[in-house]
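Here the structure comes first, spelled out in structure tokens, and everything after it is commentary.
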Amino acid sequence: MTMDADSVRGIGRRRLLGWSGLAAAAASGAQLVTARPGHAAPARTDPDAIPPDARPGGAYDRYVAKLAAEDKFSGVILLSHRGRTVLSRSYGMADKEKGVRNHEGVAFSLSSAGKPFGAVAVLQLVQRGEVKLWDTVGTHLTGFAKEIAEKVTIHHLLSGTSGLSNPDVDVRRVFQSREEVREYNERWARQAELVAAPGTPTDHVGAEVAIPALIVEAVTGTTYWDYVEEHIFRRCGMTGTAFCTRPRWLTDERVAHPYMELADGGRVDAVRYLDKDSPSPHQPGKNPGRNFIDAPGDGGFATAPDLVRFAHALTDGTVLDRPYAEVLTAAKTPLPPQQGGLRNGRAPAADAGFGAYSMPVHITNGQWLWGRAGGDPGVGASWNIYPDTGWVGVILSNCDGVPLWEIIDREIKAVTGGR
């Protein structure tokens, strides 16, 4: 659900950065050399060269294969360079009961990795002049506390600086329809309270995702799901991507099932066993299968090639004109080092991190990195864009026990040549 603190931390934890300054120059064709603080600028190699670690049989490929052999990875990884697939690997089962294996055409739950779709939807409305980033919540919605309606702006929500609280969530409720999900989340969003001055950075507040989705619905007169599917997924040619309902999750062989770890160490198909709970300290009692459909502003299901298509669509004018794509990915606030959470105290593989709209952006090994990650019981997802060099990396998994952040770090090192 939108309101769950289900996003993994570090790279992909909140907002993304990009297209401003040096990144914009890179997009125009300039070759960039960015010095790291206290370091000489790294030597720029041939931008068309494929780093050895990113090639089939390279260090990254071997690392993920070893994880799969040890039952620590089930899913798909993909590396693409300037639209050409360099590495694609699939491991494990999409549906063990039916004997369906994972492959490139299987869609995986995105969890928080789908949140930037909502930011893109809002910026499409801004681009058309139907919404202003300085509009307050009350400009488009009713039923919110006066101080929220009058003081919290769309910019605050998208940049993670709303000052709002995170209301409690009923993680054991089993939803039975799209309408029930919408009504519950609308009521839930209105329970948020202003606990800090607008402009104060917050930590993964679900209302910051739910309220923009409500604004999209109020302005367009359609559901968030239908708007995003028509104006983002279809425009990008993301034919394997959708907001799947539970019945489709159960029956469509092209949708991966989440294998959730139980307290006794075993794994269970979460979507088939709604009575089972996750023991994870980050999401105690949760089961993603209980959501009839992902809450507006959150989630979705996507294939790895479709996420590559989305990545290119962010930079080629397909979903946003370039100035608004720059607004989406431009650095808004510096992010402090992330500790704890699903990263278990591991520092992100980046020299500097910033909050952008619904995603973080980083400078790592002398180049920009934009991306978003997400996690649920039995679910792990990450997509990274390397705009200076034309790389896109995707990681999608459907079982617990996957060291997602280690895989992300290995991908970054393989692509950027870091150590």
Next on the checklist: Please report the accessible area of Val126 (heavy atoms, 1.4 Å probe, ligands and nucleic acids excluded) in Å², nearest 10.
Outcome noted: 20
Checklist entry - Where the accessible area of the chain is counted over protein heavy atoms with a 1.4 Å probe, how much of it, in %, is carbon and sulfur? => result 50
Checklist entry - Using modelled backbone amide H atoms (1.01 Å from N, in-plane), which distant-in-sequence or interchain residues come within less than 5 Å of Asp351's amide H? => result Ile363, Thr364, Asn365
Item to check | Distant-in-sequence amide H partners of Ala356 (H built 1.01 Å from N, under 5 Å) | outcome: Arg15, Leu16, Lys332, Val361
Checklist entry - Nearest 20 debye, what's the magnitude of the dipole of the chain about its Cα centre given +1 on Lys and Arg Cβ and -1 on Asp and Glu Cβ? => result 780
Checklist outcome for this item: If R0 = 41 Å, then Asp170 and Asp48, at their Cβ-Cβ distance, give a FRET efficiency to the nearest 0.05 of 0.20
Checklist outcome for this item: Under 5 Å from the placed amide H of Ala107, counting only residues 5+ away or on other chains, we find Val255, Ala256
Next on the checklist: Can you work out the Karplus-derived ³J(HN,Hα) for every residue in the range 150-162? Use 6.51 cos²θ - 1.76 cosθ + 1.60 with θ = phi - 60°, whole Hz, and x for glycine or proline.
Outcome noted: 9, 10, 8, 9, 4, 4, 4, 5, 5, 8, x, 10, 6
Checklist entry - What FRET efficiency comes out for the pair Arg234/Trp134, r = Cβ-Cβ distance, R0 = 35 Å, nearest 0.05? => result 0.70
Item to check | Heavy atoms of Arg372: accessible area, 1.4 Å probe, square angstrom to 10 | outcome: 10
Item to check | the chain, accessible area per residue, ligands and nucleic acids excluded (1.4 Å, Å²) | outcome: 37
Checklist outcome for this item: Lys and Arg at +1, Asp and Glu at -1: neighbours of Leu262 with Cβ under 10 Å from its Cβ sum to -2
Item to check | Residue-wise HN-Hα coupling along the range 106-115, computed from phi with Karplus coefficients 6.51, -1.76, 1.60 (Hz; x: Gly, Pro) | outcome: 8, 8, 10, 4, 9, 6, 5, 5, x, 4
Checklist outcome for this item: Summing -39500 (n - 2.57) over every DSSP H run of at least 4 in the chain, dividing by its residue total and rounding to the nearest 500, the 222 nm mean residue ellipticity is -7500 deg cm²/dmol
Next on the checklist: If you average the alpha carbon positions of the range 188-263 and of the range 282-311, how far apart do those two centres end up, in angstrom?
Outcome noted: 8
Checklist outcome for this item: Of the range 376-419, those with amide N under 17 Å from the point 7 Å along the Cα→Cβ vector of Lys66 are 402-415, 419
Checklist entry - Which pairs in the list Lys151/Lys332; Lys72/Lys332; Lys146/Lys276 are over 30 Å apart, alpha-carbon to alpha-carbon? => result Lys72/Lys332; Lys146/Lys276
Item to check | Unit Cα scatterers, Debye sum, the chain: log10 I(q)/I(0) for q = 0.09, 0.10 Å⁻¹ | outcome: -0.49, -0.62
Checklist outcome for this item: Placing each pseudo-label 7 Å from Cα in the direction of the beta carbon, Glu97 and Arg254 end up separated by a distance in nanometres of 2.1
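The values are calculated or read from the model by the stated rules, or taken from the named source; none is laboratory data. Keep in mind that what you see is a predicted model, and the values were worked out from it rather than measured. Glycine gets a Cβ as well: all are built from the backbone with ideal geometry, and neighbour counts include every protein chain shown. The accessibility values were calculated without ligands, DNA or RNA, using every heavy atom of the protein model including side chains. Shrake-Rupley method; radii C 1.70, N 1.55, O 1.52, S 1.80 Å.
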